[in-house]
1. Over 24 Å between Cα atoms: which of A:LYS96/B:LYS36; A:LYS34/B:LYS54; A:LYS86/B:LYS54; A:LYS36/B:LYS36; A:LYS31/A:LYS96; A:LYS90/B:LYS54 fall into that group?
2. Can you sort A:GLU8, B:GLU82 so the residue with the fewest Cβ neighbours within 10 Å comes first?
3. To the nearest whole number, what is the average tally of beta carbon atoms from other chains within 10 Å of the beta carbons of peptide B:64-70?
4. List, shortest first and in nm to one decimal, how far the label point of A:HIS75 (7 Å from Cα along Cα→Cβ) is from its counterparts in the other copies.
5. Could you give the length gained by full extension between A:LEU97 and A:VAL23, i.e. 0.36 nm per residue of separation minus their alpha carbon distance, to one decimal place?
6. For chain A, how big is Rg over Rh, using alpha carbon atoms and the Kirkwood form of Rh?
7. I'd like the FRET efficiency for B:ALA11 and B:GLU40, computed as 1/(1 + (r/R0)^6) with the beta carbon distance as r and R0 of 30 Å, rounded to 0.05.
8. Along the charge dipole of segment B:16-84, which of B:GLY43, B:VAL70, B:LEU83 sits closest to the positive end, that is, farthest toward it, with unit charges on the beta carbon of Lys, Arg, Asp and Glu (+1, +1, -1, -1)?
There are 2 protein chains.
Amino acid sequence: MRDRLSPEARAAALENLPGWSLVEGREAITKSYKFKSFSEAFGFMARVALEAEKLDHHPEWFNVYNRVEVVLATHSAQGLTELDVKLAGKMDLIAKL
Amino acid sequence: MRDRLSPEARAAALENLPGWSLVEGREAITKSYKFKSFSEAFGFMARVALEAEKLDHHPEWFNVYNRVEVVLATHSAQGLTELDVKLAGKMDLIAKL
C-alpha cells in the first residue's frame with residue numbers, strides 16, 4: 001500500500017479516477033470539488049476525515065466556501081502509492097452521497 | 001458587522017489577536033495553527049465550521065495533517081470587517097479547548 005507506484009500503474013490508476021490529474025512539478029494528484037454550499041463542502045470534508053483517519057493517510061486540502069481543492073501524495077514514499085488511489089476513490093464516492 | 005474597518009480599527013483589532021497578521025498584498029488576516037494530530041486539527045476545523053455557519057461567514061483554510069492555515073476576509077466588503085475579527089477570536093478560543 002505504501003510502495004511508490006510505477007509510471008504504468010500510476011497512469012492506469014488515473015484513468016479510473018475522473019477529474020483527478022497529476023500536479024505540475026510534483027508526484028501528487030489533485031482534484032477540485034464544488035458543492036452547493038459550505039455545509040455540503042464541510043460535510044464532505046468531515047466524512048473524508050473519518051476515512052483518512054482510518055487509513056492513517058491524510059489529504060492536503062484547501063476549502064473556501066463551497067469549494068474543496070485536494071492534493072494527495074504519500075510523503076514517506078516521496079510519490080504516489082496505492083493509498084492515494086484508495087483515498088481518491090473514497091473521496092469521489094463520498095462526494096456523490 | 002459587514003462594514004470595512006478603518007485602518008485604525010484594524011490595527012487595534014490585530015493587537016488583540018495574537019498570532020494573526022495581515023496578508024501581504026491583500027486586505028485579509030492570516031494565522032497558522034499547529035495541533036498534536038490530524039484528529040485534533042480536524043476537530044478544531046469541525047468546531048470552527050459550526051461557528052462559521054452560524055455567523056454566515058466562512059474562512060479560507062488549508063489543512064495538512066496537524067497544521068491548519070487560515071485566511072479571513074469579507075469578500076462583500078473587499079476587506080476586513082468586524083465579522084473577521086469575531087471569527088478570528090472564536091478560532092483562538094476553540095484552538096485552546
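1. Numbers: A:LYS96/B:LYS36 31 Å; A:LYS34/B:LYS54 21 Å; A:LYS86/B:LYS54 34 Å; A:LYS36/B:LYS36 32 Å; A:LYS31/A:LYS96 14 Å; A:LYS90/B:LYS54 29 Å.
Over 24 Å Cα-Cα: A:LYS96/B:LYS36; A:LYS86/B:LYS54; A:LYS36/B:LYS36; A:LYS90/B:LYS54.
2. On the way: A:GLU8 8, B:GLU82 17.
Listing A:GLU8, B:GLU82 from fewest to most nearby Cβ atoms yields A:GLU8, B:GLU82.
3. Averaged over the peptide's residues, the number is 2.
4. 3.0
5. Stretched fully, the A:LEU97-A:VAL23 segment lengthens by 24.0 nm.
6. Numbers: Rg = 12.9 Å, Rh = 13.5 Å.
Ratio of gyration radius to Kirkwood radius for chain A: 0.95.
7. Details: r = 32 Å, r/R0 = 1.06.
For R0 = 30 Å, the calculated efficiency reads 0.40.
8. Selected residue: B:GLY43.
Every number in this text was worked out from the coordinates using simple rules, so none of it is lab data. Quantities reported herein were computed from a predicted structural model and do not represent experimental measurements. As a convention, Cβ positions derive from the backbone with ideal geometry for all residues, glycine included, and neighbour counts pool all protein chains shown.
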